[in-house]
1. For region 84-130, name all the residues that are in contact (Cβ under 8 Å) with a residue 12 or more places away in the chain, hydroxyl-bearing (Ser, Thr, Tyr) and part of a helix (DSSP H, G or I).
2. Would you point out which residue out of 112, 151 is at positive phi and either in contact with a strand residue (DSSP E or B) (Cβ under 6 Å, 6 or more places away or on another chain) or at pLDDT below 95 (or both)?
3. When you look at residue 129, is it farther than 22 Å from residue 34 by Cβ, more than 16 Å from the chain's Cα centre (by Cα) and either at pLDDT 90 or above or among the polar types (S, T, N, Q) (or both), yes or no?
4. Take the residues in region 82-124 that are hydroxyl-bearing (Ser, Thr, Tyr) and over 13 Å from residue 158 (Cα atoms); name whichever of them is surrounded by the fewest Cβ atoms within 10 Å (Cβ to Cβ).
5. Mind checking which residues of region 131-142 are in a helix (DSSP H, G or I) and touching a residue at least 24 places away in the same chain (Cβ under 8 Å)?
Amino acid sequence: MFVERPKFHACVYDRYNTMSTKLQRLMLRSINIWPPLLGAGIRTKWSPDRKSVTVEMKLRFWNRNYVGTHYGGSLYSMTDPFYMLMLMESLGPDYIVWDKAASIRFRKPGKGRVKAEFRLTEQQLDEIRTELTTKPKYEPTFLVEVKDEAGDVVAEVQKVLHVRKK
């Protein structure tokens, strides 16, 4: 006799009216202890609607390079998953979102605390939805700046994402 098992990955609406699985919600809440970010000393603070996130990293002995500044890989790690996660949460379950490409340009040595701010606007989300009404995929580009405590740009990261409807 075949008995159907309950699906533990069933989607539910959360209080911000976005669809996500319980596992995805747990991962977003605990992203600060996700090993790649925790190991680099990266901390995040999400807005309630998940359309913005602020990411910070202090200079520590484990994330500094040979010359005593922030390790470039840690600076990139600050920017890696966030636009993808924000788009997944904002667009909902009818869309597939992947990081496609990235480039980083170092502007000056990073010392002390560095910070990156990610913001998605309704205009950007509408543009993505509109593009996907006539195209099978859309690859928006986002630019994020990593800044030091003085507000000087330490690095610029360009992210290309792949978005399509399911």
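The values are calculated or read from the model by the stated rules, or taken from the named source; none is laboratory data. Only a predicted model underlies this, so the values are computations on that prediction, with no experimental measurement involved. With ideal geometry, Cβ positions are generated from the backbone for all residues, glycine too; neighbour counts draw on all protein chains shown.
1. Within region 84-130, 90 is the sole residue that qualifies.
2. 112
3. yes
4. 121
5. Within region 131-142, just 132 meets the criteria.
Conditions (1) among the aliphatic types (A, V, I, L, M); (2) at pLDDT 70 or above, marked per residue:
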| position | (1), (2) |
| --- | --- |
| 4 | no, no |
| 13 | no, no |
| 24 | no, no |
| 31 | yes, yes |
| 49 | no, yes |
| 52 | no, yes |
